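The values are calculated or read from the model by the stated rules, or taken from the named source; none is laboratory data. Quantities reported herein were computed from a predicted structural model and do not represent experimental measurements. Note that each Cβ is placed from the backbone with ideal geometry, even for glycine, and that neighbours are counted across all protein chains shown. Keep in mind that these areas ignore ligands, DNA and RNA; they rest on the heavy atoms of the full protein, side chains included. Shrake-Rupley method; radii C 1.70, N 1.55, O 1.52, S 1.80 Å.
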Amino acid sequence: MTTTTSAPVTVEATGLVKRYGRTRAVDGVDLVVPTGTVALLGPNGAGKTTLLRLLATVAAPDEGRLRLLGRDAARPADRLEIRRRLGYLPQEAALHRDFTAFDLVDHVAVLKEHTDARARRDEVRRVLEAVGLADAMHRRIRTLSAGGRQRVALAAALLGGPQLLVLDEPATGLDPEQRLELRRVLADAAPGGTVLMSTHSTAEVAALCRHVLVLISGRVAFAGSPAELAATADGRVWLDDDEDPRALRSWATAEGSYRHVGEPPPGAHVVPPTLEDAYLLVVRGTARHA
């Protein structure tokens, strides 16, 4: 399934396949991703990290074609140009614990061909300040919290204002206040480019993203806007005082009632769906028009 839009296209993928042994982690994915902030949702094991590794040119597909920023990722010269315009935050970034935050991001800046020392240092300070590490940039990474280390890795990904920013679970280890700050950082990073991030938080999708992809078993099960995803659950969410065993999923609410998704019984108190409701239905393979 593809996202159709008149916005400039950043990612074009056709028939992408990535195998690990007999497992197809990515199984024939077709994508057209425009500019803006795009969320990648899916259960654990759906292939999200593998797909992001392909889009970050860290791994190569076994089959299919991939164009990033208008260039062919299979061609070495084009791939080099893509990497100059790309930022990547892996799920588990390997950070040298004896480096300071400043020294580590500066080292990454050197690798990304920031050769002017003064301009490079200014850029390193800019990205560290953007992620809220102005007062901690000269502390060694081993002394930082998990959230602090995550922000160091994010700062490295932001170097140079990349046109394509690929983020694998960027909110991992962040507290609620830091998550709100992350939203600001990503909103500032998106104009004119594309931020593609995997997340388990539908609240982040609703707050940040113009487009959303749902990956199930290595395949795209939904592609569209958050509003279009929520609309797939219209008429399929209801509240009741008791848990209904006929529901596909049900859970207790803070008000003491039960929220259900599935096919409501006659006379049910149907309520407007949320993104989370629709996502659950997509995962169950029962969303309408997904």
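Structural remarks
- For the stretch 22-175, the Kirkwood hydrodynamic radius from C-alpha pairs, put into Stokes-Einstein at 10 °C and a viscosity of 1.306 mPa s, yields a diffusion coefficient of 96 µm² per second.
- Take every Cα pair under 8 Å whose residues are at least 6 apart in sequence, average their separation, divide by the length of the chain, and the relative contact order is 20 percent.
- Expected 222 nm ellipticity per residue - DSSP helices of 4 or more, -39500 (n - 2.57), all of the chain, to 500: -9000 deg cm²/dmol
- The chain: Rg to Rh, with Rh as the Kirkwood radius over Cα pairs: 1.02
- Rg/Rh ratio calculated on Cα atoms of the stretch 6-70 (Kirkwood radius): 0.96
- Given their separation in residues at 0.36 nm each and the Cα-Cα distance between them, residue 179 and residue 207 gain 9.0 nm when the chain is fully extended.
- Protein-only accessible surface at a 1.4 angstrom probe places the residues 219, 259 in the order 219, 259, largest first.
- As a fraction of the 1.4 Å probe accessible area of the chain, surface on carbon and sulfur atoms comes out at 48 percent.
- Stretching the chain fully between residue 119 and residue 241 yields a gain of 37.7 nm (0.36 nm per residue, less the alpha carbon separation).
- Trypsin sites (Lys or Arg not before Pro) within the stretch 19-64, DSSP loop, no more than 14 other Cβ atoms inside 10 Å: 22
- Value of relative contact order over the stretch 163-229, rounded to a whole percent, pairs C-alpha under 8 Å and six or more apart: 29 percent
- Computed P(r) (all Cα pairs; the stretch 201-290; 10 Å bins; percent): 18, 48, 29, 6
- Largest-first principal axis extents, alpha carbons of the stretch 147-208, Å: 27, 26, 17
- Cα pair distances exceeding 25 angstrom across the stretch 105-254, given as percent: 44 percent
- For residue 89, residues with placed amide H under 5 Å, excluding near neighbours: 166, 167, 168
- Cubic angstrom per residue, convex hull over Cα atoms of the stretch 106-189: 97 Å³
- Whole-Hz Karplus values for the stretch 253-263 come out as 9, 5, 7, x, 8, 10, 9, 10, 10, x, 9 Hz, taken residue by residue from phi with 6.51 cos²θ - 1.76 cosθ + 1.60 and θ = phi - 60°; glycine and proline positions read x.
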